[in-house]
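**Student:** Take this structure, written in structure tokens, and hold onto it; I'll ask about it next.
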């Protein structure tokens, strides 16, 4: 990071997680005379305590104090949902320095296919079988045990297949728990060029989330689910931003409630018209509210204002320079199934 001082960047942008990189980002920005910007994908410190990774009360006080001190050092702090921005205010970030920068999706790259996904043939899944797909990071905050329990309860349903795709700290444990279930396929992360095929494999997208995490994170995978034109079955507490984002585009049940999850899944599997209605609404929402170019254009203007420099172009994303920025943002922000 310190080597980057030599080319005098205008902006040093840190994506959280991981927040432990904040000191080096701030130091680099200070030495380069650059604007320091923190973009919060997950409230890492809060999640560590909510999920029981850290239990010491003294450690919690120290961690939150350090977090608040570091947050105040950034010129701009952005996050991906309205309630996460509100949490920044509670942590002492001045409203004038907060920016809402939601996750986006390239609706030209992710779209409903007119024919069944080629992955059905590769996995030996017939067209009349309902595929319930989870694709994304496999960590503790996702509450993935719910998916294994659901698949186990539906062993007798040969017309429903579960496909789980992803990687992460919990993957090996998850694989062991799902071992021997004949109605489950587990895939590694797929390359970006196969993402649309993967998302179109689903008849129903599964989005579990542990209780207490719904307003600490906003799963970036949701944007691709919606853009694929398939309904989403999510777990979230009513009133959270995740629940609000899914309502009208899928079904929301309480976190950790296996019976409610199974019941909602069976209801969607049995009602093709409902799946189609919810899927159409999801696609329409993605196109109108989550479009890549519109969101990144707004973000570019925010960067220009923060750094007191003119925008790069009058036409958004018309140059190779912008395309490189888009690709890097995809990798860094995790819009291809990272969360």
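The values are calculated or read from the model by the stated rules, or taken from the named source; none is laboratory data. Predicted model only: the values in this text are computed from it and were never measured. Here Cβ is always computed from backbone atoms with ideal geometry, including for glycine, and neighbour counts include all displayed protein chains.
**Student:** Check region 113-128 and report whether any residue there is assigned to a loop (DSSP other than H, G, I, E, B), in contact with a helix residue (DSSP H, G or I) (Cβ under 6 Å, 6 or more places away or on another chain) and either surrounded by 15 or more Cβ atoms within 10 Å (Cβ to Cβ) or not assigned by TED's automatic domain parsing to the domain that holds residue 193 (or both). Steps first, please.
**Tutor:** Quick first cut of region 113-128, residues assigned to a loop (DSSP other than H, G, I, E, B) only: 113-117, 124-128.
With in contact with a helix residue (DSSP H, G or I) (Cβ under 6 Å, 6 or more places away or on another chain) added as a condition, the list becomes 113, 117.
Adding the requirement that they be either surrounded by 15 or more Cβ atoms within 10 Å (Cβ to Cβ) or not assigned by TED's automatic domain parsing to the domain that holds residue 193 (or both) leaves 113, 117.
Yes, the conditions are met somewhere in region 113-128.
**Student:** How many residues are out of contact with any strand residue (DSSP E or B) (no Cβ under 6 Å at 6 or more places or on another chain) and either part of a helix (DSSP H, G or I) or modelled with pLDDT of 95 or more (or both) if we restrict to region 11-20? Reasoning before the result, please.
**Tutor:** From region 11-20, those out of contact with any strand residue (DSSP E or B) (no Cβ under 6 Å at 6 or more places or on another chain) are 18-20; that's our starting set.
Right, trim to either part of a helix (DSSP H, G or I) or modelled with pLDDT of 95 or more (or both) and you get 19-20.
Counting residues in region 11-20 that are out of contact with any strand residue (DSSP E or B) (no Cβ under 6 Å at 6 or more places or on another chain) and either part of a helix (DSSP H, G or I) or modelled with pLDDT of 95 or more (or both) gives 2.
**Student:** Take residue 29 and decide whether it is closer than 21 Å to residue 218 by Cβ, surrounded by 14 or more Cβ atoms within 10 Å (Cβ to Cβ) and in contact with a strand residue (DSSP E or B) (Cβ under 8 Å, 6 or more places away or on another chain).
**Tutor:** Values: closer than 21 Å to residue 218 by Cβ: no; surrounded by 14 or more Cβ atoms within 10 Å (Cβ to Cβ): yes; in contact with a strand residue (DSSP E or B) (Cβ under 8 Å, 6 or more places away or on another chain): yes.
Spelling it out, it is not the case that residue 29 is closer than 21 Å to residue 218 by Cβ, surrounded by 14 or more Cβ atoms within 10 Å (Cβ to Cβ) and in contact with a strand residue (DSSP E or B) (Cβ under 8 Å, 6 or more places away or on another chain).
**Student:** State all residues of region 1-12 that are touching a residue at least 40 places away in the same chain (Cβ under 8 Å) and closer than 12 Å to residue 74 by Cα; if no residue qualifies, say none.
**Tutor:** Let us first name the residues in region 1-12 that are touching a residue at least 40 places away in the same chain (Cβ under 8 Å), namely 10-11.
11, the sole residue that qualifies.
**Student:** (1) modelled with pLDDT of 95 or more; (2) crowded, with 20+ Cβ neighbours inside 10 Å: which one isn't true of residue 23, the others all being true?
**Tutor:** Of (1) modelled with pLDDT of 95 or more; (2) crowded, with 20+ Cβ neighbours inside 10 Å, only one is false for residue 23: (2).
**Student:** What about residue 88, is it within 25 Å of residue 298 (Cβ to Cβ) and in a helix (DSSP H, G or I)? Walk me through it before giving the result.
**Tutor:** On the way: within 25 Å of residue 298 (Cβ to Cβ): yes; in a helix (DSSP H, G or I): yes.
It is true that residue 88 is within 25 Å of residue 298 (Cβ to Cβ) and in a helix (DSSP H, G or I).
**Student:** Additional query: Just to check your reading of the model, which residue among 241, 193 is farther than 25 Å from residue 169 by Cβ and either at pLDDT 95 or above or assigned by TED's automatic domain parsing to the domain that holds residue 131 (or both)?
**Tutor:** 193
**Student:** Checking residue 133 against (1) part of a loop (DSSP other than H, G, I, E, B); (2) touching a strand residue (DSSP E or B) at 6+ places or on another chain (Cβ under 6 Å); (3) in the same structural domain as residue 178 (by TED's automatic domain parsing), which test does it fail?
**Tutor:** So the condition that residue 133 fails would be (1).
**Student:** Let me ask something else about it. Within the set of pairs 6+ apart or on separate chains, which have a first residue in region 16-37 that is within 15 Å of residue 5 (Cα to Cα), a second that is surrounded by fewer than 14 Cβ atoms within 10 Å (Cβ to Cβ), and C-beta atoms under 8 Å apart?
**Tutor:** Matching pairs, first to second residue: 24/2; 27/2; 28/2; 31/2; 32/8; 33/8; 34/8; 36/30.
**Student:** Please specify each residue of region 43-61 satisfying the condition of being within 18 Å of residue 87 (Cα to Cα) and assigned to a helix (DSSP H, G or I). Can you show your working first?
**Tutor:** So in region 43-61, the residues within 18 Å of residue 87 (Cα to Cα) come out as 43-51, 60-61.
44, 45, 46, 47, 48, 49, 50, 60, 61, listed by residue number.
**Student:** Quick one: would you say residue 210 is touching a strand residue (DSSP E or B) at 6+ places or on another chain (Cβ under 6 Å) and outside any helix (DSSP H, G or I)?
**Tutor:** On the way: touching a strand residue (DSSP E or B) at 6+ places or on another chain (Cβ under 6 Å): no; outside any helix (DSSP H, G or I): yes.
For residue 210, the condition - touching a strand residue (DSSP E or B) at 6+ places or on another chain (Cβ under 6 Å) and outside any helix (DSSP H, G or I) - is not met.
**Student:** I've got another one for you. Can you tell me which condition residue 147 does not meet? The list is (1) part of a loop (DSSP other than H, G, I, E, B); (2) in contact (Cβ under 8 Å) with a residue 24 or more places away in the chain; (3) in the same structural domain as residue 166 (by TED's automatic domain parsing), and all the others hold.
**Tutor:** It is condition (1) that residue 147 fails.
**Student:** Might you check whether a residue that is assigned to a loop (DSSP other than H, G, I, E, B) and either touching a residue at least 40 places away in the same chain (Cβ under 8 Å) or outside the structural domain of residue 122 (by TED's automatic domain parsing) (or both) occurs anywhere in region 167-181? Please lay out each step first, then the result.
**Tutor:** Here is the first cut: in region 167-181, the ones assigned to a loop (DSSP other than H, G, I, E, B) are 167-170, 179-181.
Cutting the leftovers down to either touching a residue at least 40 places away in the same chain (Cβ under 8 Å) or outside the structural domain of residue 122 (by TED's automatic domain parsing) (or both) gives us none.
No, region 167-181 contains no residue that is assigned to a loop (DSSP other than H, G, I, E, B) and either touching a residue at least 40 places away in the same chain (Cβ under 8 Å) or outside the structural domain of residue 122 (by TED's automatic domain parsing) (or both).
**Student:** Does residue 212 satisfy being at pLDDT below 95 and in contact with a helix residue (DSSP H, G or I) (Cβ under 7 Å, 6 or more places away or on another chain)? Steps first, answer last, please.
**Tutor:** Numbers: at pLDDT below 95: yes; in contact with a helix residue (DSSP H, G or I) (Cβ under 7 Å, 6 or more places away or on another chain): yes.
Answer is yes for this residue.
**Student:** Give me the helices (runs of 4 or more DSSP H) completely within region 213-315, filtered to those with at least 3 residues that are surrounded by fewer than 16 Cβ atoms within 10 Å (Cβ to Cβ), ordered by residue number. Spell out the reasoning first.
**Tutor:** Details: elements: 221-227, 241-246, 258-270, 272-289, 292-307.
So the answer is 258-270, 272-289, 292-307.
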